[in-house]
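Heads up, the thing below is written out as structure tokens.
The values are calculated or read from the model by the stated rules, or taken from the named source; none is laboratory data. Note that the structure is a prediction, hence the values are computed from the model and not measured. Glycine gets a Cβ as well: all are built from the backbone with ideal geometry, and neighbour counts include every protein chain shown.
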Amino acid sequence: MISANILHRLGCFIQVWFLLSAAMVSAEVVQIGNIMTRPEVYHLRDVQLQGVATHVQALPPTFMSKFGTMCYGAYTFLLGDETGSIVVEVPSMCGRSQEAVTIIAENQNVSVAVRIGAPGYYTGSGIVPPGEVKSTTRAIALREPIVQDR
């Protein structure tokens with residue numbers, strides 16, 4: 001008979017293994033060309049992208065009335081690898097000073113975790129108009145991009 005202690009340890013080991021394997025899968029770098037060729041496969045999936053950032057464009061700060069604070073640091077950039085390129089949207093950071101937000105520089109090699117949005121109809125947040133059609137594949141940064149050494 002297997003003791004409860006051994007079963008507990010085995011269960012903990014399986015949970016840890018599952019979490020580590022999920023983290024390793026999500027850290028796999030996806031080629032941009034694969035996403036642009038079949039965006040519906042990656043729709044609402046979190047993936048890791050790597051490439052050279054160009055066309056870095058800072059966006060103006062916004063006021064978040066819900067929290068009564070300014071949100072700084074939103075910007076977009078074109079991320080390219082050897083297979084293609086995609087525009088990455090980096091959301092603003094609320095509650096931080098403008099000086100605390102770092103925006104990447106032109107031609108830096110970066111790695112960024114993004115959520116992919118395939119072209120299609122989006123219902124929006126219940127505000128009129130009720131939705132909109134997005135005609136391009138979107139990559140929304142989940143965290144700040146990390147500058148890589150060349």
LEU44 - would you say it is aliphatic (A, V, I, L, M) and farther than 22 Å from ALA100 by Cα? yes
Regarding GLN48, is this residue surrounded by fewer than 17 Cβ atoms within 10 Å (Cβ to Cβ), in contact with a Ser or Thr (Cβ under 7 Å, 6 or more places away or on another chain) and either on the phi < 0 side of the Ramachandran plot or modelled with pLDDT of 90 or more (or both)? yes
Of everything in segment 51-78, what is hydrophobic (A, V, I, L, M, F, W, C) and either at pLDDT below 90 or in contact with an Asp or Glu (Cβ under 6 Å, 6 or more places away or on another chain) (or both)? Give them in sequence order. VAL56, PHE63, MET64, PHE67, MET70, CYS71
If you go through segment 7-25 one residue at a time, do you hit one that is closer than 14 Å to ILE116 by Cβ and either within 19 Å of the chain's Cα centre (by Cα) or modelled with pLDDT under 75 (or both)? no
I need the full set of residues from segment 56-87 which are among the β-branched types (Val, Ile, Thr) and either under 16 Å from the mean Cα position of the chain (by Cα) or in a helix (DSSP H, G or I) (or both), in order please. THR76, ILE86, VAL87
Can you confirm whether ASP46 is among the charged types (D, E, K, R), within 19 Å of GLN148 (Cα to Cα) and under 18 Å from the mean Cα position of the chain (by Cα)? no
Unmet criterion (only one of (1) in contact (Cβ under 8 Å) with a residue 40 or more places away in the chain; (2) over 18 Å from VAL147 (Cβ atoms); (3) in a strand (DSSP E or B)) for ALA53: (2)
Result of the Cβ filter at 6 Å on segment 80-105, keeping first residues that are farther than 17 Å from ALA141 by Cβ and modelled with pLDDT under 90 and partners that are surrounded by 12 or more Cβ atoms within 10 Å (Cβ to Cβ) and of a type in the set (Ser, Thr, Tyr), at least 6 apart or interchain, is GLY95/THR69; GLN98/TYR72
